[in-house]
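Worksheet for the structure shown next.
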Amino acid sequence: MSQSHKLKSYLFQTVNPAPLAFFRVFFGLMMFFGILRFWAKGWIETLYIEPTFHFSYYGFSWAKDWGDYTYILFIICGLSALLVMLGLFYRTAIILFFLSFTYIELIDKTTYLNHYYFVSVLSFLLCFIPANATFSLDNLRKKIDYSHIPRYYITAIQGLIIIVYFYAGLAKVNSDWLIKAQPLSIWLFSKYDMPLLGDYLFQQSWIHYLMSWGSMLYDLTIPFMLLNKKFRWLAFTLVLFFHLFTAILFPIGMFPYIMILSSLIFFSEDFHKKGIAFVYKIIKIIPLFKRSENNLVKREKIKIFERPIAILIGIIILIQILLPFRHLLYPGELFWHEQGYRFSWRVMLMEKRGYTQFKIVDSVTKNEFYIKNEDFLTEFQEKQMSFQPDFILEFAHHLGAFYANKGHKNIQVFADSYVALNGRKSQKFIDPNINLLEQPNGFGNKEWILPFNDEIKGF
């Protein structure tokens, strides 16, 4: 039997859907509480409604906030997450969740985080996965409980998690992270006020190197440990420790808990069936339906589309494998120019600070004046804009349009920008003699970014 035939047989082998059900419940629950957390902290107002200008992703400038009605968008997102958890009208609910959550993230790329991107990709994947096959209110509604699904549905989620971990580890194989322990040294030094650890342990260089190398090795090895049943419980213990520890150290929201619960998808069918049985005992629900051969009638309906769905899921996973390498298309240091940095699972790899001031010039009269960034941007937006070239360019275009509408003519926009990367001294970031209004937005190389005066070796 050829390797491809073995792989096909493995992926299309039927298995119990309990792992998917378990994953669906916790995913929906985490997303629901995530939306509640966002609302409770007032971030809907401060991040989406209050700003007068939003930084957009190229090609998605049509994604706008809804003003005060933005709360409705979050209500839709939260309720759909709750329905996903319950497995009620699952297909509609997960599509609504994917659309609403992703739309929220598209409104302003200032809020970009890897785990938001992970949720968007995962929810899109779940649109094609029957995670309501068992242990769902849809089972009660339809009076059907499926006993088997193709394995590739579960493998797809496992594959995405493996990609996230492995690429995060691969990205840490660079000279700043391993040889200089940067930027972890900067971050840990700042934790001096942390009880027990901060005033001594986090001030020691050896702990910075230990954590830098340890986190790299963790990311690269943990997926394979989760895949191996001999090491699975040890792996989960490490997952638990690593993510809870990082949650204490850094303000990274729901991501640690999402990864902890996601890792359970690697456990056996029996593990998840026992978990579901335990929940049944707690909530005292009568078993949904006695599983029998008759339950497979609806299963045949899924099988009709089995191959196209498998191909589609394979394409989604393949894109995630290839997309992180697009930075190779751009010359120069990735951490400096950040072209191809997003959507590549590079998690907390750099400490970057910048200062950028814009100058408006009349090309005919040569009259000029400087603008105050805070007149247009929130503090958070200004901070992110100061060291990210696509932000700088978009804001320059916004300024050009703004002052043109105010009656100014022959407008040129220049920027004086300095950026410090991973503890280095700041250096001039972009060419101050380039009229940014003449530079197009898009995926082309931004030649107006000045070269980095150092070298970071690695992936």
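The values are calculated or read from the model by the stated rules, or taken from the named source; none is laboratory data. Small disclaimer: the values here were computed from a predicted structure and weren't measured. Note that each Cβ is placed from the backbone with ideal geometry, even for glycine, and that neighbours are counted across all protein chains shown.
Table for the structure above
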item	result
Check on Phe124, over 18 Å from the mean Cα position of the chain (by Cα) and either not in a helix (DSSP H, G or I) or not assigned by TED's automatic domain parsing to the domain that holds His397 (or both)	no
So Trp62, is it out of contact with any Asp or Glu (no Cβ under 7 Å at 6 or more places or on another chain) and farther than 28 Å from Ile319 by Cβ	no
In the range 240-275, the residues that are touching a Ser or Thr at 6+ places or on another chain (Cβ under 9 Å) and surrounded by fewer than 17 Cβ atoms within 10 Å (Cβ to Cβ)	Leu240, Ile252
Only listed residue being free of Cβ contacts under 8 Å to residues at least 24 places away in the same chain and touching a strand residue (DSSP E or B) at 6+ places or on another chain (Cβ under 9 Å), chosen from Tyr370, Tyr341	Tyr370
Flag for Asp454 being assigned to a loop (DSSP other than H, G, I, E, B) and over 27 Å from the mean Cα position of the chain (by Cα)	yes
Boolean, Phe89 is within 30 Å of Glu306 (Cβ to Cβ), without any contact (Cβ under 8 Å) to a residue 60 or more places away in the chain, surrounded by fewer than 22 Cβ atoms within 10 Å (Cβ to Cβ) and aromatic (Phe, Trp, Tyr)	yes
In the range 219-241, the residues that are of a type outside the set (Val, Ile, Thr), touching a helix residue (DSSP H, G or I) at 6+ places or on another chain (Cβ under 6 Å) and closer than 22 Å to Val121 by Cβ	Asp219, Leu220, Pro223, Leu226
Among (1) β-branched (Val, Ile, Thr); (2) farther than 21 Å from Tyr280 by Cβ; (3) more than 18 Å from the chain's Cα centre (by Cα), the one test that Ile35 misses	(3)
Answer from Ala396, Ala401, Ala415 - the residue that is outside any loop (DSSP other than H, G, I, E, B) and either β-branched (Val, Ile, Thr) or under 30 Å from Ser175 (Cβ atoms) (or both)	Ala415
Close pairs from the range 401-421: first at positive phi, partner modelled with pLDDT under 95 and surrounded by fewer than 17 Cβ atoms within 10 Å (Cβ to Cβ), Cβ under 6 Å, at least 6 apart	Asn410/Asp362; Asn410/Ser363; Asn410/Val364
Of all residues in the range 243-276 being within 14 Å of Val347 (Cα to Cα) and assigned to a helix (DSSP H, G or I), the one that is nearest to the chain's Cα centre (by Cα)	Phe255
Matching residues, the range 222-239, being without any contact (Cβ under 8 Å) to a residue 12 or more places away in the chain, surrounded by fewer than 13 Cβ atoms within 10 Å (Cβ to Cβ) and not in a helix (DSSP H, G or I)	Asn228, Lys230
Residue within the range 202-221 that is β-branched (Val, Ile, Thr), surrounded by fewer than 18 Cβ atoms within 10 Å (Cβ to Cβ), part of a helix (DSSP H, G or I) and modelled with pLDDT of 95 or more present	yes
Hits in the range 169-196 - residues which are assigned to a helix (DSSP H, G or I), among the aliphatic types (A, V, I, L, M), in contact with a Ser or Thr (Cβ under 9 Å, 6 or more places away or on another chain) and surrounded by 17 or more Cβ atoms within 10 Å (Cβ to Cβ)	Ala171, Leu184
Residue ID - surrounded by the most Cβ atoms within 10 Å (Cβ to Cβ), chosen from residues in the range 60-86 that are under 30 Å from Glu394 (Cα atoms) and under 19 Å from the mean Cα position of the chain (by Cα)	Cys77
Close pairs from the range 258-276: first of a type in the set (D, E, K, R), partner assigned to a helix (DSSP H, G or I) and crowded, with 18+ Cβ neighbours inside 10 Å, Cβ under 7 Å, at least 6 apart	Glu269/Ala18; Glu269/Pro19; Lys273/Ala18
Candidate set from the range 423-443 (those that are outside any loop (DSSP other than H, G, I, E, B) and of a type outside the set (A, V, I, L, M)); member that is surrounded by the most Cβ atoms within 10 Å (Cβ to Cβ)	Gln427
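A quick yes/no check of all residues on (1) at pLDDT 95 or above; (2) touching a Leu at 6+ places or on another chain (Cβ under 9 Å):
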position	(1), (2)
Val361	yes, no
Asn367	no, no
Phe376	yes, yes
Phe391	yes, no
Phe395	yes, yes
His398	yes, no
Lys409	no, no
Gln412	yes, yes
